[in-house]
Amino acid sequence: MTRTIPVFLLSTVLAGCALAPAYEPPPQPMPAQFKAAPGWVPAADAGQVERGAWWNVFGDGVLNQLIARVEVSNQNVAAAAAAYDQARAAVRQQRSGLFPLVTLDGDAGRSGGSRGGGASVTSGSASSYQVGIGASWEPDVWGRLRAGVSSAGASAEASAADLAAARLAAQGELAANYFGVRLADLQIRLLRDTIAGYERVLQIARNRYEAGIAPRTDVLQAETQLANARADEAGLTRERAQREHAIAVLTGQAPAAFSLPMADYAPQVPPVPAILPSTLLLRRPDIAAAERRVAAANEQIGIARSGYFPSFGLSASYGTAAGSVSNLFSASSTLWSFGVSAAQALFDAGATKANVDAARAAHAQAAARYRQTVLAALQDVEDQLTASQVLAQQLQYRQQASAAADLNEQQMLNRYRAGQVGYTEVVTAQATALNARRALAQAQTDRQTAAVALIQAIGGGWTSGGDSP
């Protein structure tokens, strides 16, 4: 037993050895502020910004109910949640390697035979029983097992971030489709009002033709315009149905079992939050996942390095044996063993070095992907900030254009009734007015969609504590 003391001392002294490099997140140059939002200051520390039910800022009860179903019914989110559970199980599996393995085994048998020949033949049989308990343990001398636990833990944290990213993506996709449905509702109602107006104008053209004061071409033009408007309504109905089907799937339902009634809708656009680029590193789940994978790859370098050093093992067992079950635990004979093992590769043709090089390359790859993820996130925010600003200006112009087109349409129709202009001018004015109304509705919904995209770009919702641009 005294010979084993140096082994335990060695294990204790080297228990703090760690072969993985000291980890630091890869450096990433961050701009002081976003290009599309000069002069901003942070609304709040990233850790204090509310990122919960961000969809509430749109003030739509139906949208709130639909997004709540994503958490429990969306299958992509369910798959990400299962992957996270799997990663957590892997952490527990790795951690179990830090502790001894204890086993209990038993054996029972009966043997016999005969010998001799002729009249003198002897035969006999005997029973044997054995029970024992054993244990084995690999001291984590070089930190390989702890590095495995750390790597699995970092991977689990990456899976948790993947789950958050999947949830945010599904929620954003549902919101975009919902706003698309509401845009279709607006435009369908707009077209139906327009169709009713076209029908009235067609009747005017027919009356004037029958009275002999207008050519038949006026009637044909009116019929053509009315038919085209009805065709546009049918196309919007198809588009609305497709978005409704997408919402059904996002909420884990079959399209046939889901319907979203038409509703009067007044688009509401929340103010843009003030946020600094550096806060993305804490808020974006895809950035968090990429950084955690760099940490996991860093630990794999230590695991690969442990191949240069010997591995140690301790084992022990104790048991009893007897010829009957009643004597098994009272037998005077006992069996015990204790052993220490060590193994060291003397020649592996460079396999260990190759493993270390591969681990370093995997770490460099993970670091590069992390940096690229950060750059893509910065671009995403810049894109959406620009979109929000431009769409706000565009909406004002669309409102002006729609008001002017409506007034021109009414004046042209009055002049046609008075016989001052031909029907071609009326058709042109009506087409212009319809296009302006539809463009206005589109601009209103585009602002909502851009707001959703910005929410996703900054990693979730916000509680605005500063001025918006």
Report summary line: Simple spin-label estimate for Val72/Leu104, 7 Å along Cα→Cβ, in nm, reads 4.2
Query raised in the report: Taking the highest mean first, how do the peptides 178-185, 413-420, 395-402, 337-344 order by number of other beta carbon atoms within 10 angstrom per residue?
Result: 178-185, 395-402, 413-420, 337-344
Report summary line: Hits in the stretch 257-287: amide N under 20 Å from the 7 Å Cα→Cβ extension of Gln65, namely 257-268
Query raised in the report: Using modelled amide H (1.01 Å from N, peptide plane; none on Pro or chain starts), what sits under 5 Å from the amide H of Leu276, excluding residues fewer than 5 places away?
Result: Ala43
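Please work out the FRET efficiency for the pair Ser259 and Ala32, using the Cβ-Cβ distance as r and a Förster radius of 45 Å; give the result to the nearest 0.05.
0.35
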Query raised in the report: What order, most packed first, do the peptides 90-103, 188-201 have when packing is the mean number of other Cβ atoms within 10 Å of each residue?
Result: 188-201, 90-103
**Report entry** From phi via Karplus (6.51, -1.76, 1.60), per-residue ³J(HN,Hα) for the stretch 220-235 in Hz, x at Gly/Pro
**Finding:** 4, 5, 5, 5, 4, 5, 5, 5, 5, 5, 5, 5, 4, 4, 5, x
**Report entry** Integer Hz, Karplus 6.51/-1.76/1.60 couplings in order for the stretch 363-376, x for Gly and Pro
**Finding:** 5, 4, 5, 5, 5, 5, 5, 4, 4, 5, 5, 5, 4, 5
Report task. Report in % the part of the accessible area of the stretch 357-468 that belongs to carbon and sulfur, leaving out ligands and nucleic acids; probe 1.4 Å. Result -> 49
Report summary line: Ranked output for segments 447-459, 377-389, 216-228, 252-264 by mean other Cβ atoms within 10 Å, highest leading, reads 447-459, 377-389, 216-228, 252-264
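For the pair Ala53 and Arg238, what calculated FRET efficiency results from E = 1/(1 + (r/R0)^6), where r is the Cβ-Cβ distance and R0 = 35 Å, to the nearest 0.05? Write down the numbers at each step before the final one.
Numbers: r = 32 Å, r/R0 = 0.92.
In this case the efficiency is close to 0.65.
The values are calculated or read from the model by the stated rules, or taken from the named source; none is laboratory data. This is a predicted model, so every value here is computed, not measured. Quick reminder, even Gly has a Cβ in these numbers, built from the backbone with ideal geometry, and neighbours come from all protein chains shown. These accessible areas exclude ligands, DNA and RNA; they are computed on the full protein's heavy atoms, side chains included. Shrake-Rupley method; radii C 1.70, N 1.55, O 1.52, S 1.80 Å.
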